[in-house]
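A.B. asks: Before I ask anything, let me first share the structure, which is written out below as structure tokens.
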Amino acid sequence: MAHNKLYIFFCLTGLLGTQVTFGQIQQADSLLVLLENTKETVEKAKLNVQLSKIYERIDISKSKQFAKHALAYNNDSIKSEATNQLGRAYFYSNQLDSAAHYFQKSIDFLKSMDLPDKAAAVGISLGAVQLRNGDYKAAVNTLIEGAAFFEGINDSINMAKCYSNVSSAFGELNDSKKAIEYGEKALHIFNVKNMVPYQAVTLPNLAGEFLKLGDTLKAKTYFLEAENLAKKRNDQFSLARIYNNLGNMYLETDHEQSEKYLSQALSIRKKTKNNDGIGTLYNNLGYLYLQQGSPKKAIPYLNNALTFGQGTNESITFNNLSNAHKALGDYKSALEYANKKTFLNDSILKIENQKAIAEITTKYETEKKEKEILNLKNVNLETDIKRKQNRNLLYAALGLLLIGLILAYLWLKNSKRKRIIAEQQQELESQKVEKLLKEQELIGLDAMIEGQEKERQRIAEDLHDSLGGKLSALKLLVEDVKKADKSLYGKIKTVLDESYDDVRNISHQKNATAMIDKGLIPAVNIIANRLKSSEKLNVEVTNIDLKQKIKNFIELQLFRIIQELLTNTLKHAKASNVNIQFSEENDTLNVVYEDDGIGYDTMATKEGVGLKNINSRIQKIAGSLTVDSNPGNGTTVILNVPI
């Protein structure tokens, strides 16, 4: 049964935050006024650090914000404090990888400033992250190393902080005797120094260990003492952890008391917007309702626990979910969660085995190297004796050899240098030729595209001015037929109207400049609607978030590219649908063109005139083109153009 419920142990991350008071809120308001009126850079950075510390227990998101503002100032001392504050904020937000990153940066800044004592103090926080992250052996090593440093400088307070976290780590490793040993050492120092906040941390940890050993009387005494201390300090964070552990203690014996304490803990976590340990709370409440015979009520809490759980905790929650679904008769889901638990446990075991193998390998390699060094020393000793016996001869031989090596090295170096220069010159010549050929090809393509554009415009103008005018005149003449034969008039007028519309549409299609005046997306929509109405192709145009005004030249080139792509789709793709999406990111226009046609092998198919035109146009507007197509999977074209 113990494998299905979780205790929360406290970690000390350097200096503990104090409870939130009205005075702190007033102090924060005063500092905000100072920050607004301060012009001096370093002073503003210091104020941001102070505000980050105050908001740590008021609003963690604001604490992060102020710490990041302070980090912007180029001062190692302030950066060390700001990164430490960010580490604490991420720690309390249960974002452990980010917390470890910023704690390590703080340590690096402090070491670069030759402040090993402060770096070691932040190391306590790093050890706490390792502890919370489930890397208990690493946490023990980090914290015992820190304790040894503080013992060397007779810093009993930081020694006690290390002892307290080492106690928590041994507790997680199920070594309760060592956990109690280090916990009592820490508590003794905290009592002597009258460090109430740290007593409030160590007491519930010790209570949890006594509870594991079955000494519920002593565990309850420590928990209640810790609760009184937390209430006096109005420390909501500590109360939440204590209530979780008290609820856990009563989990098997008094369901009403257990639910009361666990619900109080969850309420505090939600109220303070702090996710630290909230996954454990959801798991324990779910387990409680499961024990009460309410699996349906338990499942939502256990699902919430998965959102925040990790490692061993996640495995326990999977087990509880399996039992809950089994109780409801949902054996399929029960088996699914049981398999997830087994897979996760196997993964954890595999990682632990890999670590153990790595440790053994390291020890073996170390011993092997030590033997090699010893053998080498013996060989060197024999060599020294022989060298003394043949010193004069050896010196002469070494001298000649050295001269020969130097000459050979110089010759090889000179030959290599000449070869490299020749290769570089050959490469430069090849690049020049390639560049020239490409420029000539681009000039030819530009001329062809420009000629096509002018021809399109000329045809559009001719259609509009000549044939369009004649059709308009013919419409007027046909009005005379109306009097003679109304039926014939109607038929002739219908044909004329359709012919006139066709001429106008052809004119507009050929004259992209007129169409593009309305904007790129409206122009593409016009083509899409015409293709839809003709039932040749269903074209959907989507503007995701393009808001910037695009230069007319770029719009025209993109419009022509899309026309070319649509033409290729109609001719070759045998597609039914085309999707065109426009979006904007970092001053870059992204156009995604997709069809559901037959696709083609981009490696085996030669580049045709249409694709060459597209490449030429995209180069004109400093853009990039990506084509992704496979036989039977349609074609996707991605255009990226700076705007």
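A.B. asks: How many nm separate the modelled label positions at residue 263 and residue 173, each set 7 Å beyond the Cα in the direction of the Cβ?
C.D. replies: So the two model labels end up 4.0 nm from each other.
A.B. asks: If you don't mind, there's one more thing I want to ask. In terms of the ratio Rg/(2.2 N^0.38 Å) built on C-alpha atoms, what value belongs to segment 263-345?
C.D. replies: 1.06
A.B. asks: For residue 545, what charge total do you get from the other residues with a beta carbon under 11 Å from its beta carbon, if Lys and Arg give +1 and Asp and Glu give -1?
C.D. replies: Around residue 545, the surrounding residues sum to -1.
A.B. asks: Project the alpha carbons of segment 520-643 onto their principal axes and report the range along each, largest first, in whole Å.
C.D. replies: Cα extents, longest axis first: 36, 34, 22 Å.
A.B. asks: In addition: Over segment 585-642, what percent of the accessible surface lies on carbon and sulfur atoms, probe 1.4 Å?
C.D. replies: 49
A.B. asks: Could you let me know the centre-to-centre spacing of segment 556-602 and segment 98-120, using Cα atoms, in angstrom?
C.D. replies: Going from one Cα centre to the other spans 52 Å.
A.B. asks: Let me ask another. Rounded to whole Hz and in sequence order, give me ³J(HN,Hα) for segment 413-430 from the Karplus expression 6.51 cos²θ - 1.76 cosθ + 1.60, θ = phi - 60°, writing x for Gly and Pro.
C.D. replies: So the Karplus estimates, Gly and Pro as x, are 5, 5, 5, 5, 4, 5, 5, 5, 4, 5, 5, 5, 5, 5, 5, 4, 5, 4 Hz.
A.B. asks: Here is a further query. Tell me the trypsin sites (Lys or Arg not before Pro) within segment 22-126 that lie in a loop according to DSSP and have at most 15 other beta-carbon atoms within 10 Å.
C.D. replies: Of the trypsin sites (Lys or Arg not before Pro), the ones in loops of segment 22-126 whose Cβ has at most 15 other Cβ atoms within 10 Å are 39.
A.B. asks: If you roll a 1.4 Å probe over the heavy atoms of the protein chains, what accessible area per residue do you get for segment 35-144, in Å²?
C.D. replies: Heavy-atom SASA per residue in segment 35-144 reads 44 Å².
A.B. asks: Sticking with this one: Taking the Cα centroid of segment 47-67 and of segment 238-286, what is the distance between the two, rounded to the nearest whole Å?
C.D. replies: First find each Cα centre; the distance between them is then 27 Å.
A.B. asks: Next up: How much length is gained on full extension from residue 603 to residue 339, taking 0.36 nm per residue of separation minus their Cα-Cα distance?
C.D. replies: Taking 0.36 nm per residue and subtracting the Cα distance, the gain is 90.6 nm.
A.B. asks: For residue 587 and residue 517, what is the calculated FRET efficiency with R₀ set at 35 Å and r taken between the beta-carbons, to the nearest 0.05?
C.D. replies: 0.90
A.B. asks: Roughly speaking, what is the stretch gain from residue 154 to residue 496, that is 0.36 nm per residue apart minus the C-alpha to C-alpha distance, in nm to one decimal?
C.D. replies: So the chain would gain 112.7 nm between residue 154 and residue 496.
A.B. asks: Through the Karplus equation 6.51 cos²θ - 1.76 cosθ + 1.60, θ set to phi - 60°, convert the phi angles of segment 91-108 into ³J(HN,Hα) values in whole Hz; use x for Gly and Pro.
C.D. replies: 5, 5, 8, 6, 9, 6, 5, 5, 4, 4, 4, 6, 4, 5, 4, 4, 4, 4
A.B. asks: Here is a follow-up. Chymotrypsin sites (Phe, Trp or Tyr not before Pro), restricted to segment 235-312: which are DSSP loop and have at most 14 other Cβ atoms within 10 Å?
C.D. replies: The qualifying sites: there are none.
A.B. asks: Still on this structure: Over 27 Å between C-alpha atoms is what I'm after, so list which of 79/185; 177/273; 62/137; 212/273; 273/297; 53/137 land there.
C.D. replies: Long pairs (Cα-Cα over 27 Å): 79/185; 177/273; 62/137; 212/273; 53/137.
A.B. asks: Grab the beta carbon distance between residue 426 and residue 549, set R0 = 51 Å, and tell me the FRET efficiency rounded to 0.05.
C.D. replies: 0.60
A.B. asks: How much length, in nm to one decimal, is gained on full extension between residue 346 and residue 628, taken as 0.36 nm per residue of separation minus their Cα-Cα distance?
C.D. replies: Difference between extended and current length: 97.5 nm.
A.B. asks: Still on this model: Local charge sum around residue 272 (other residues, Cβ-Cβ under 10 Å, Lys/Arg +1, Asp/Glu -1)?
C.D. replies: Counting the neighbours of residue 272, the net charge comes to +3.
A.B. asks: Related question: Per residue Cα convex hull volume for segment 580-628, in cubic angstrom?
C.D. replies: Convex hull volume per residue, Cα atoms: 97 Å³.
A.B. asks: For segment 112-127, just list the computed ³J(HN,Hα) in residue order, Karplus coefficients 6.51, -1.76 and 1.60, θ = phi - 60°, integers in Hz, with x standing in for Gly and Pro.
C.D. replies: Karplus-based 3J(HN,Hα) across segment 112-127 equals 5, 8, 6, 10, x, 5, 5, 4, 5, 5, 5, x, 4, 5, 4, x Hz.
A.B. asks: Over segment 75-226, what per residue volume does the convex hull of the Cα atoms give, in whole Å³?
C.D. replies: With only Cα atoms used, segment 75-226 gives 105 Å³ per residue.
The values are calculated or read from the model by the stated rules, or taken from the named source; none is laboratory data. Quick caveat, the model's predicted, so the values are computed rather than measured. Because the Cβ atoms are built from the backbone with ideal geometry, glycine has one as well, and the counts that use them run over all protein chains shown. Ligands, DNA and RNA are excluded from the accessible area calculation, which covers all protein heavy atoms including side chains. Shrake-Rupley method; radii C 1.70, N 1.55, O 1.52, S 1.80 Å.
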